Amino acid sequence: MKKVCLIFNPVSGSGNAFQDLKQICEILTPHVDLEVRFTAPDLSAIELTHQAIAHGAEMIIASGGDGTVSHVANVLDNTDIVLAVIPRGTANAFAAALTLPTDVKGACESILSGLPRRIDTATCNGEQMILLAGVGLEAKAISETDRETKQKFGFFAYLATAFKQLNELTTFTAELEFKTSEDGSVEQKTVEEVLAITVANLAPNTSILAHGTHAVSGNDGLLDVTILTMPEKSEVLGVLSASYELFKSSFKEDMADHPNIQALRVNSLRVQADPPQDLLLDGDLMGETPVNFQVNHLSLLVQFPQEKPEESQESTEAEES
């Protein structure tokens, strides 16, 4: 039987952790050699993942929020050990971005019958990034949303905080240095009156500020950069208009088309801001600018649900075209 370690965060989300764990064990234990390890204030998922590897785990399941997933992925990056996810957090952005099952039963079935595939990760000032980083408005919104409100309202808690901030918008000047091609040539760009810069490796549709390019895929060796600038007139209405355009872009096959949105696709990036801005990395505040990003192409092995026949055919046709 495959040796599998479940790293379980008992305080994630607002559901019944005991019932979730009971269901997970009932589904998995007849089929795999399952070991369960619990996170605690003095025992992180990072440490538990190292312990699981030392005990010979072939697959490690992260069950919790995006923070738990990120910690496990941090250790499994650039290895041949499979990361599986049973999402039980507030946003579950990693699972949503990859269209992984977000219910306990579906996630367990994917673990048993699915197949591993590699995805990109990135580094942000030397730290691993599996989702995205935000500079400016998004970092401020996340940092000013308390844990209780996040647990109660999820994504809408961040949205409410951001909306409150619209009447207190401040801008910065951004100096960007980036590479967009394999020849290694460096390009530079200065953008003034910036409200937010979002750099995405992966992004669910709810991460509105990440979708200027429409093409955040997680396996193309590129980072998707979206820059939101201050409208000249009707500031609040202008920001809402740009946000709506980004929302539409996340569901369609076109880049966002708005005078206050700029978008880039790069394989490395340096951002300097004047004045310096807070940096949000995979949901956590991580200092401030300047910041450097670099793609790690196909470095993380993730368990995906088995494709349905029609999905497999569509994938094959897309690759051939």
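Values in this text are rule-based calculations from the coordinates and carry no lab data. Since we're looking at a predicted model, the values are computed, not measured. Every residue, glycine among them, receives a Cβ derived from its backbone with ideal geometry; neighbour counts consider all protein chains shown.
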Of the listed pairs K105/K179; K2/K22; K179/K248; K3/K248; K3/K252, those with alpha carbons more than 31 Å apart are K105/K179; K3/K248; K3/K252
Proxy exposure order for K3, K179 (fewest C-beta within 10 Å first) is K3, K179
Taking 0.36 nm per residue of separation between K22 and F38 and subtracting their Cα-Cα distance, the length gained on full extension comes to 4.4 nm
Scoring only Lys, Arg, Asp and Glu (+1, +1, -1, -1) among other residues with Cβ under 13 Å from the Cβ of N205 yields +2
Output ordering of 33-39, 61-67 (per-residue mean of other Cβ within 10 Å, highest first) is 61-67, 33-39
Least to most buried among L83, L132, by other C-beta atoms within 10 Å and fewest first, runs L83, L132
Restricted to the range 1-105, the DSSP antiparallel beta bridge percent, nearest 5, is 5
